[in-house]
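K.L.:
Mind having a look at this structure? Questions to follow.
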């Protein structure tokens, strides 16, 4: 309670001081592809064990030692700010797709376009279409390279749906809503579906499914009939009491207990269910998202980028090449359940033979990135706050959405 | 230190004493007559230097930054930083979330400060009735929240409050009361968060009050007892008036703490649901360290600083008036 104010002012001041000093230093390192023996430092997200294990093989092949540091998702912005302000960063870092605009506008990533022709791992044609070079980079540059992918699909409890007389998962919005209504009738504390209140991607997915697009002339807009349809669909689950209103509802627990038998989430949820509730095996499955005009899902995941001031660009590029190889991508999937981004790995029989993974890879073909604009975090939070104030506080829909449009316009002016 | 008069005693002085005197004379020469007024300043200078560097300078830097568009790209490339006048302040006053954060802070202060000051005073007076082992254990019990890590507090209270599997709702269900949305209903969440902060803040205030209570001479109570005063009369005629300074001190510090309210909403609700528990400090934190808008966040912190400074000055004035 008593540390806050002084801390903010001090931190702001330190950052300001640091950036004056940082501005004076810095030089451009010259990469020397095969002579560079590192060591290189890598920042990965959340957990370093799996990545360290993967790196043993890389070091054996190339003789380049790799130091891995894990950065929790909740700290990544602080970490980036201090690295940018001080000029001290790693050589290679994992960048979540939603954070890409921040990293790019911070000038944290090195433009790799001069090296593309010598490095197969940098070539856009190796990766799935949603993360093609022109979709993830400002024009003419290559600031990051796809690494892992993540896609939202529908998770459902086969046992509970069957018991409610639903023989197959919903494929249209109407079926989705009707099935949720049937499931919610099971009694008190039972719902049809669960909407995470922190999830700003969900209304965007609904907009895509309604046939819409958020970007118009390089700016984000919610002033479209398709977003209105998405908002109405979102609100309808609350209005008909088909979803829990508690913001601390636990998604995994809710799915396991059967309280929320339908959930839209990524493959990481599958890993969570398998490890915490192995007894549910065979009682749940995944399906591609229900369609309105389209069945477009969210393409999430992470890229890898070279730190702008790295002194081991050559070694980092070799690591990027290594990570793009089918073997490395498949090993990574085996240890973390995170999907590959390389086409060759996605087409490998170890993945295509698993029916659940087949659903993921099918959905990957119809998945889009969130808008990669620097203000997206603020814009999407405003959108989510508006929808949640309608469903949780009973604010008027028309006026709330009108003021959202005004806010979003002023944020981008 | 004036040079000592030369007397016969000089002959008796040891060599070291002579050195002392010489040193004293040198000091006396350099600072002929002000030395006695300078010493205190020399002594407080390390603390003062820290204060100037980390508080006063920071405020000036923040004030300067608040007039710029400094964000993460400006951090990387200072040519991107521009002077934009009062634009940050205009944008902030036009932001409904800012007013909501200000309103929430006012709510937290109104609920938290009186409860904490009156509650802590009452508990301290009750604890002071006895010095038995049981009461000493109680004192420790009340102080534990103050020294418990905020992360542990958030984990425990988060689980107590949880609407799916929380202990509080389970206890309520035993007596047939419907579950309460402790942290997820916009109004109840405010109170739940404030309750944790009151629980956590009470330990320190109780200790301060206890110290003040123990400084009251027992003769006053004995004299009052001889005059036939009851327990309530003793509390309201002797204890409370003699604790005036302690009460004032606790009120000022508690008020400042609550205007900077941050930890509990940050760890329990992250300011949600829908901004319902976003305090001013949390608003500043989100603008600065989530959206990387350092200029905007600095503007907001200057506004909060001005409010706290104004409230504190008013309190100090009020006390001067009372004391005459």
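K.L.:
Could you let me know the centre-to-centre spacing of region A:216-258 and region B:39-58, using Cα atoms, in angstrom?
P.N.:
One Cα centre to the other: 53 Å.
K.L.:
So, one more: Could you tell me how many degrees, from 0 to 90 and to the nearest 10, lie between the Cα long axis of helix A:355-365 and the main elongation axis, the longest principal axis, of the Cα atoms of chain A?
P.N.:
Helix A:355-365 sits at roughly 70 degrees to that axis.
K.L.:
Per DSSP helix of 4 or more residues, -39500 (n - 2.57); summed, then divided by the residues of chain B. What does that give at 222 nm, rounded to the nearest 500?
P.N.:
Details: 17 runs with 221 residues, N = 324.
Rounded to the nearest 500, the figure is -21500 deg cm²/dmol.
K.L.:
How do A:337-349, B:119-131 rank on mean C-beta neighbours within 10 Å, highest first? Can you show the working numbers first?
P.N.:
Working: A:337-349: 19.2, B:119-131: 16.7.
The most tightly packed comes first, giving A:337-349, B:119-131.
K.L.:
Using a Förster distance of 35 Å, how high is the FRET efficiency between residue A:88 and residue B:122, based on the Cβ-Cβ distance and rounded to 0.05? Please list the in-between numbers first.
P.N.:
Values: r = 53 Å, r/R0 = 1.50.
After rounding, the FRET efficiency stands at 0.10.
K.L.:
Hey, another quick one. Going 7 Å from the Cα of residue A:113 in the Cα-to-Cβ direction, what parts of region A:139-157 have a backbone nitrogen less than 14 Å from that spot?
P.N.:
A:139-144
K.L.:
Right, here's the next one. Need the full-extension length gain, residue A:60 to residue A:412, defined as separation in residues times 0.36 nm minus the C-alpha distance. One decimal, nm. Mind showing how you got there, number by number?
P.N.:
On the way: separation 352, 0.36 × 352 = 126.72 nm, distance 4.90 nm.
Taking residue A:60 through residue A:412 to full extension adds about 121.8 nm, to one decimal.
K.L.:
Can you tell me how region A:52-193 classifies by the Cα gyration tensor, rounded, prolate or oblate, using a/c under 1.5 as the rounded cut? Present the calculation step by step, with values, prior to reporting the outcome.
P.N.:
On the way: a/c = 2.38, a/b = 2.23, b/c = 1.07.
Prolate shape, in that a/c is at least 1.5 and a/b is the bigger ratio.
K.L.:
Name all residues of region B:62-79 having a backbone nitrogen under 19 Å from the label point set 7 Å from the Cα of residue A:78 along its Cα→Cβ direction, giving them as ranges.
P.N.:
Once the point is set 7 Å along Cα→Cβ of residue A:78, B:72 turn out to lie under 19 Å by backbone N, inside region B:62-79.
K.L.:
Using a simple spin-label model with points 7 Å from Cα along the Cα→Cβ vector, what separation in nm is obtained for residue B:233 and residue B:140?
P.N.:
3.9 nm
K.L.:
How do A:264, B:177, A:235, B:302 rank when sorted from fewest to most other Cβ atoms within 10 Å of their own Cβ? Walk me through the intermediate numbers first.
P.N.:
Working: A:264 25, B:177 10, A:235 15, B:302 20.
So the ranking, lowest neighbour count to highest, is B:177, A:235, B:302, A:264.
K.L.:
Can I ask one more? With n ≥ 4 as the cut-off for DSSP H runs, can you work out [θ] at 222 nm for chain A, using -39500 (n - 2.57) per run divided by the number of residues, rounded to the nearest 500?
P.N.:
Values: 18 runs with 190 residues, N = 413.
Only helices count here, giving -13500 deg cm²/dmol.
K.L.:
Any idea what the alpha-carbon Rg over 2.2 N^0.38 Å comes to for region B:94-201? Don't jump to the answer; show the numbers that get you there.
P.N.:
Values: Rg = 17.0 Å, N = 108, 2.2 N^0.38 = 13.0 Å.
Relative to the 2.2 N^0.38 Å estimate, region B:94-201 comes out at 1.30.
K.L.:
Something else now. Angle, helix A:49-62 long axis vs. longest principal axis of chain A, Cα atoms, 0 to 90°, nearest 10?
P.N.:
That works out to roughly 40 degrees.
K.L.:
Consider a paramagnetic label point 7 Å from the Cα of residue A:271 along Cα→Cβ; state which residues of region A:322-338 have an amide N under 18 Å from it.
P.N.:
It comes to A:323-324, A:327-338, nothing else.
K.L.:
Would the protein assembly as shown count as rounded, prolate or oblate if I go by the C-alpha gyration tensor, calling it rounded below 1.5 in a/c and otherwise prolate when a/b exceeds b/c, oblate otherwise? Write down the numbers at each step before the final one.
P.N.:
On the way: a/c = 2.21, a/b = 1.42, b/c = 1.55.
Oblate.
K.L.:
When Cβ neighbours within 10 Å are restricted to other protein chains, what is their mean count per residue of peptide B:262-271? All intermediate terms of the calculation are to be shown ahead of the outcome.
P.N.:
Numbers: counts 7, 4, 1, 1, 2, 0, 1, 2, 3, 0.
Rounded to a whole number, the mean comes out at 2.
K.L.:
Bins of 5 Å, beginning at zero and ending with the bin holding the largest distance: percent of Cα pairs per bin for region A:172-212, please.
P.N.:
Once binned at 5 Å, the Cα pair distances of region A:172-212 give 6, 20, 20, 23, 20, 8, 3, 0.
K.L.:
What would the Debye equation give as log₁₀ I(q)/I(0) for chain A at q = 0.06, 0.13 Å⁻¹, counting only Cα atoms as equal point scatterers?
P.N.:
The Debye formula, applied to the Cα set alone, gives -0.27, -1.21.
K.L.:
Most mobile of B:273, B:40, B:186 per a Gaussian network model of chain B (Cα springs, under 10 Å)?
P.N.:
Checking each option, the largest mean-square fluctuation is seen for B:40.
K.L.:
Within the protein assembly as shown, what percent of beta bridges assigned by DSSP are antiparallel, to the nearest 5? Mind dumping the intermediate values first?
P.N.:
Working: 27 of 39 bridges.
About 70 percent, rounded to the nearest 5.
K.L.:
For residue B:170 and residue A:241, what does the FRET efficiency come to when R0 = 25 Å and r is the distance between their Cβ atoms, rounded to the nearest 0.05? If you can, show how the numbers build up before the last one.
P.N.:
Working: r = 23 Å, r/R0 = 0.92.
Rounded to the nearest 0.05, the efficiency is 0.65.
K.L.:
While we're here: Just checking the output field for A:246-255: average partner chain Cβ neighbours within 10 Å of each residue's Cβ? Before the final figure, lay out the partial values.
P.N.:
Values: counts 10, 11, 17, 4, 4, 0, 0, 3, 1, 0.
The mean count of partner-chain Cβ atoms within 10 Å per residue comes to 5.
K.L.:
Suppose the chain between residue B:191 and residue B:226 were pulled fully straight at 0.36 nm per residue; how much longer would it get relative to their current alpha carbon spacing?
P.N.:
Details: separation 35, 0.36 × 35 = 12.60 nm, distance 4.55 nm.
Contour length minus the Cα-Cα distance gives 8.1 nm.
K.L.:
Let me ask you something else. Quote the Stokes-Einstein diffusion coefficient, in whole µm² s⁻¹, for chain B, based on the Kirkwood radius over alpha carbon pairs, a temperature of 10 °C and a viscosity of 1.306 mPa s.
P.N.:
Numbers: Rh = 24.6 Å.
Translational diffusion coefficient: 64 µm²/s.
K.L.:
Further question: Using the number of other C-beta atoms within 10 angstrom as an exposure proxy, rank B:248, A:249 with the fewest first. Don't skip to the answer; put the middle values down first.
P.N.:
Values: B:248 16, A:249 21.
Least crowded to most crowded, the residues run B:248, A:249.
K.L.:
Report the gain in length on full extension from residue A:141 to residue A:331: 0.36 nm times residue separation, minus Cα-Cα distance, nm rounded to one decimal. Spell out each step's value before the answer.
P.N.:
Values: separation 190, 0.36 × 190 = 68.40 nm, distance 2.94 nm.
Length gained, residue A:141 through residue A:331: 65.5 nm.
K.L.:
With angles folded into 0 to 90 degrees, how steeply does helix A:76-86 sit against the dominant principal axis of chain A? Use alpha carbons for both and round to 10.
P.N.:
The angle comes out at about 30 degrees.
K.L.:
For peptide B:65-75, compute the average count of partner chain beta-carbon atoms within 10 Å of each residue's beta-carbon. If you can, show how the numbers build up before the last one.
P.N.:
Numbers: counts 5, 1, 0, 1, 0, 4, 5, 16, 7, 4, 15.
If you average over the peptide's residues, the count of other-chain Cβ atoms is 5.
Bear in mind that the values in this text are calculations on the coordinates, not laboratory data. Since the model is a prediction, treat every value here as computed from it, not as a measurement. FYI the Cβ positions are ideal-geometry reconstructions off the backbone, even for glycines, and counts take in every protein chain you see.
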